[in-house]
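> The structure that follows is given in the form of C-alpha cells.
Just so you know, all these numbers are worked out from the coordinates, no wet-lab data involved. No experiment lies behind these values; they were computed from the predicted model shown. For neighbour counting, all protein chains shown are included, and Cβ atoms are generated from backbone atoms with ideal geometry for every residue, glycine included.
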Amino acid sequence: METGAGVLRIAARTRDGVEVCCPGCGRGSDWMHSRYVRHVEDEAVGGRPVVIDLSVRRLYCEDPDCPKTTFVEQVGGLTVRYQRRTPALQQVVDAVAVALAGSAGARLLAALHHVLTWASVLNCLMRMDDPAPAALRVVAVDDFALRRGRRYGTLLVDAESRLPVDVWDSRDAEPLTEWLRAPGHRGGLPRRVGHLPQCHRRRSARRHSGLRPLPPVARTRPQGL
C-alpha cells in the first residue's frame, strides 16, 4: 500500500494453484497461461480515491471442445469483466446517474473524489436495465404539440404512477389502436382509458423529453393587504 498524488494505491495478487471455472464451459482449471495487472478503482477512503493494482491470472481452458482457449479469473466482489470499477463503486455511480445524470452527476461524483465526465455518467445510465413495468390498470392519453400548429404527438401515461408508457410522433388514432390490440397488451389491458388533464399532460411530456420541471413560484402576499 502506498500513497502518492492524493491517490491511495493497494497492490494485491491472486493465489496460484487455485482452480477457476471457465466462463465458456464451466470446467475448472488452474493451468496458468500468464499474469497481468488490472487497475481497479474502489470507493474513496479518507477523502482520497482508491486504486487497486491487482495481479490476476490468465488461464488455459482444459476442455478441448470449449470455444474459449484462455480466460481471465475474476475475484468475487472486486472485479467484473470489462470493468475498471469495483461493484461497490459501480453501485454509487449508478445511483448518482439515476438521480442526477449528466453534468450534475459528474459534479457530485467529483465531490465524492471520483472523476467521471458527464458522458461517462450517461453511458452508465444507458447500460442499466429498465425496471420491470408494472401492470397497467388506468391509462390516460392525450396529444401535445411538438411544433404548434404543424406537428403533434400522442402521449400515453400510467394514471396511477404518472409515468409515461409510450409516445407516438402523431396524434392519429391508429398507433393507439394498434397498441391496445397488440398481443402483449391483451392480458394486462387497462380497465379504464381516460383523458389526460392539461397540467398533467405538460408535466409528463416534459419528463418524457428529458427536461426538468420548473420549480414552483412562491406566492407572497403584498404588504398592506
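> Quick one: give the max-minus-min coordinate of the C-alpha atoms of segment 37-193 along each principal axis, largest first, in Å.
Largest to smallest, the principal-axis extents are 60, 49, 29 Å.
> Another question about this same structure. Quick one: which residues, 5+ away or cross-chain, put their amide H under 5 Å from the amide H of SER170? H built at 1.01 Å from N.
For SER170, the qualifying residues are THR154.
> If R0 is 41 Å, what FRET efficiency do you get for ARG181 and ASP53 from their C-beta distance, rounded to 0.05?
0.10
> For segment 96-166 and segment 7-73, what is the centre-to-centre distance using only Cα atoms, to the nearest Å?
36
> Could you tell me the relative contact order of segment 1-137? Use alpha-carbon pairs under 8 Å, at least six residues apart, and round to a whole percent.
In percent, rounded to a whole number, it is 18.
> Compute the distance in nm between two label points, each set 7 Å from the Cα along the Cα-to-Cβ direction, one at THR14 and one at VAL115.
3.0
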